[in-house]
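In what follows, a single structure is set out as structure tokens and then discussed.
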Amino acid sequence: MTLTLARPDDWHVHLRDGAALAAVVRHTAARFGRAVVMPNLAAPVTTTALAADYRRRILAALPPDCRFEPLMTLYLTDRTSAGEIGRARASGFVHGVKYYPAGATTNSDSGVTGIERVRAALAALEEHDLPLLVHGEVTDPQVDAFDRESVFIDRVLDGIVRGHPRLRVVFEHVTTREAVDFVRAAGPRVGATITPQHLLLSRNALFDGGLRPHHYCLPVLKREAHRVALVEAATGGEPQFFLGTDSAPHSRRDKESACGCAGVYTAHAAIELYAEAFDAAGRLDRLEAFASHHGADFYGLPRNADAISLVRERWVPPESYAFGDDELVPFRAGGTIAWRLGAPGGG
Ligand code: DOR
Ligand code: ZN
């Protein structure tokens with residue numbers, strides 16, 4: 001069976017920098033027309049000038065004749081000024097500003113330490129109609145690791161959304177029924193990305209015959225009932241939910257460690273994995289809207305004019321990819337993936 005759909009976009013990806021960028025960007029560029037590139041580099045992308053430099057490095061790392069477009073983001077800090085938000089909007093290449101609670105995840109040390117510190121920046125985002133992209137987890141060590149998303153809704157996100165009635169917000173990588181319900185109730189100015197691993201796996205996958213570091217990401221996988229709620233949201237045709245892989249490469253050394261990094265690498269098979277999830281739900285007819293329409297509509301960008309095709313045919317991804325001086329273990333390494341990417345536009 002072959003499925004043809006308008007070329008999808010990835011509304012949340014980590015491309016890293018340097019040798020890591022060079023190793024991974026072709027996977028994203030082979031599938032997606034555009035991708036929203038996260039700004040959590042070791043030196044965070046906090047200004048429009050830094051985003052312009054990073055964008056040039058991404059374009060330079062692309063294969064020849066590649067039409068992939070990186071959509072840049074800024075990293076929100078306690079010191080981000082309203083003027084910087086205005087410059088970001090005027091640039092035309094910055095499409096959102098990322099809110100990391102300080103300490104929540106990889107390279108988030110420069111993130112927001114308290115909502116009161118970013119009031120002026122949020123007002124500027126609302127004024128300039130530039131979306132706020134939110135990593136929605138509290139960092140309070142008293143809060144159970146599996147509850148950090150739902151507690152964030154009550155303690156932080158609900159207040160942001162109510163306090164800024166015109167602010168557009170993307171609740172990134174939602175993982176719980178509570179998040180899905182919140183997004184639905186908030187109406188069309190609040191969107192949400194959903195990753196392939198959160199559609200395909202419950203938290204049991206972290207402990208499948210032993211500890212599985214390559215299934216560890218943040219927000220962490222949740223129990224099965226939440227996975228089912230995410231599948232319903234993704235496959236339900238609701239325009240607020242769209243594709244965002246959160247593909248987050250880390251070296252094998254950094255993953256298989258006594259204190260391993262969070263992140264699942266899915267860029268090598270991203271749209272194929274979403275096809276598996278939609279196929280399992282009997283809703284392949286809804287894949288195109290989720291993958292190729294809803295995100296572009298939310299961000300106010302045109303939908304892609306070209307197409308890709310997917311073939312229901314098993315293949316085995318490699319055990320690892322070269323990754324600087326180490327290697328990168330992709331999702332399903334050594335296992336099988338049920339769909340493969342066909343020739344552009346058909347066949
Ligand atoms: O698992 C994750 N990895 N979650 C994040 O929020 C960040 C990401 C990364 O950059 O590695
Ligand atoms: Zn991410």
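In whole Hz and in residue order, list the ³J(HN,Hα) couplings for segment 174-188 that follow from phi through the Karplus curve 6.51 cos²θ - 1.76 cosθ + 1.60, θ = phi - 60°; x for Gly and Pro.
In residue order, the calculated couplings are 5, 10, 10, 4, 4, 5, 4, 5, 4, 5, 4, 6, 6, x, x Hz.
Ala145 to Arg57: extension gain in nm, 0.36 nm per residue of separation minus the Cα-Cα distance?
28.1 nm
What list of ³J(HN,Hα) couplings, whole Hz, do you get for segment 5-20 from phi and the Karplus terms 6.51, -1.76, 1.60, once you set θ to phi - 60° and write x for glycine and proline?
9, 3, 4, x, 10, 10, 8, 6, 9, 10, 9, 6, 8, x, 5, 5
State the extension gain, in nm to one decimal, for the chain segment bounded by Arg166 and Phe207, taking 0.36 nm per residue of separation less the distance between their alpha-carbons.
So the extension gain works out to 10.5 nm.
Run through segment 63-118 and list the trypsin sites (Lys or Arg not before Pro) located in a DSSP loop whose Cβ has at most 16 other Cβ atoms within 10 Å.
Arg67, Arg79
What longest region of the chain stays clear of GluC sites (Glu not before Pro) that DSSP places outside H, G, I, E and B and that have at most 14 other Cβ atoms within 10 Å?
Here the longest segment lacking exposed loop sites spans 1-255.
Let me have the relative contact order for the chain, percent, based on Cα pairs under 8 Å that are six or more residues apart.
Relative CO of the chain lands at 19 percent.
Quickly estimate the mean residue ellipticity at 222 nm for the chain, helices only: each DSSP H run with n ≥ 4 gives -39500 (n - 2.57), and the total goes over all residues, rounded to 500.
Only helices count here, giving -8500 deg cm²/dmol.
Across segment 293-301, in residue order, what do the Karplus-derived ³J(HN,Hα) couplings come to in whole Hz, using 6.51 cos²θ - 1.76 cosθ + 1.60 with θ = phi - 60° and x for Gly and Pro?
10, 4, x, 4, 4, 4, 7, x, 10
Would you mind checking which residues have amide H under 5 Å from Val36's amide H? H placed 1.01 Å from N; only 5 or more apart, or other chain.
When sequence neighbours closer than 5 places are left aside, the close amide H contacts are Asp10, Trp11, His12, Val13, Leu71.
Using DSSP to call loops (not H, G, I, E or B), can you name the trypsin sites (Lys or Arg not before Pro) in segment 275-347 whose Cβ has at most 11 other Cβ atoms within 10 angstrom?
Listed in order of number, the matching sites are Arg314.
Percent antiparallel among DSSP beta bridges with both residues in the chain, to the nearest 5?
30
Coordinate-derived values only; no laboratory data. These numbers were taken from a predicted model, which means no experiment stands behind them. All Cβ positions, glycine included, derive from the backbone under ideal geometry; neighbour counts span all protein chains shown.
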